[in-house]
1. Keeping to region 192-212, report how many residues are without any contact (Cβ under 8 Å) to a residue 24 or more places away in the chain and farther than 21 Å from residue 170 by Cα.
2. Could you look through region 38-96, keep only residues that are at pLDDT below 70 and of a type in the set (A, V, I, L, M), and pick out the one that is nearest to residue 172 (Cα to Cα)?
3. Filter region 160-193 down to residues that are small (Gly, Ala, Ser) and over 18 Å from residue 138 (Cβ atoms) and give me whichever is surrounded by the most Cβ atoms within 10 Å (Cβ to Cβ).
4. Filter region 91-107 down to the residues that are surrounded by fewer than 15 Cβ atoms within 10 Å (Cβ to Cβ) and not hydrophobic (A, V, I, L, M, F, W, C) and list them by number.
5. Of the residues that sit in region 155-189 and are of a type in the set (A, V, I, L, M, F, W, C) and either at pLDDT below 90 or not in a helix (DSSP H, G or I) (or both), which one is farthest from residue 70 (Cα to Cα)?
Amino acid sequence: MNLSKANHECSVNAETLSRRHQKSVQSTHLFVKRTAASQPSGLERRTGDSLFHASIAAAILVAVILWTGPMAYSDSLTEGLQIDHWWRDGVLMQISGYTLLGLSVIGLSLSVRKRWRRLSRYSFRTWRLAHAVIGALTLIVVIAHTGLHLGVGLNLLLMLDYLGLAFAGAVLGYLTAVGKHSASPALQRWKQRAVSVHLWLFWLFPVLTAFHILAVYWY
């Protein structure tokens, strides 16, 4: 009788140990999966690095436009290289202006991607990076279009709105790149603020652009 009871207890203990071992193995597998999921893939790292660099480039370009000061005009029409033709010649200004407008419209692809199924096959990270790169490129065109002259009146308002729009986007891209795996409440608050500023300035941009184009052709 005692032997039978001992055998039964051994069987129960062995079964208990087996269940504990299975749970331990399952927990280990789950931990490994979660750890692997939390680690960015090679593509994610490259996309994050590119977003970081594009955001830094945009912020630097905004600073250059604001603090460098206007480029000087050429003193003579016979000089060899006259870069100021880009912001003095009417045809060249229209080329750079419509290039700037076209790049700005293409930059809206980040929003269009959410609504157009044909574009949804590309990842959100890809469109976000494209949006950031296009934003940096538009600032280069802004320099060619204006010669770092901020303008006055309506032109000044448009310039400041666009620079603020670009800088808010650069800050948002930077915070996204450096903190995409962080749940820090402070980081999330700063990202939300950058998004709000970016959106508010975005809605002003087409209105000011329309008035700018109207003023150019009207006068």
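The values are calculated or read from the model by the stated rules, or taken from the named source; none is laboratory data. Here the structure is a predicted model, which means the values were calculated and not measured. Cβ atoms come from the backbone with ideal geometry, glycine included; neighbour counts cover every protein chain shown.
1. 2
2. 43
3. 177
4. Across region 91-107, the qualifying residues are 94, 98, 102.
5. Filtering region 155-189 for residues that are of a type in the set (A, V, I, L, M, F, W, C) and either at pLDDT below 90 or not in a helix (DSSP H, G or I) (or both), the one farthest from residue 70 (Cα to Cα) comes out as 183.
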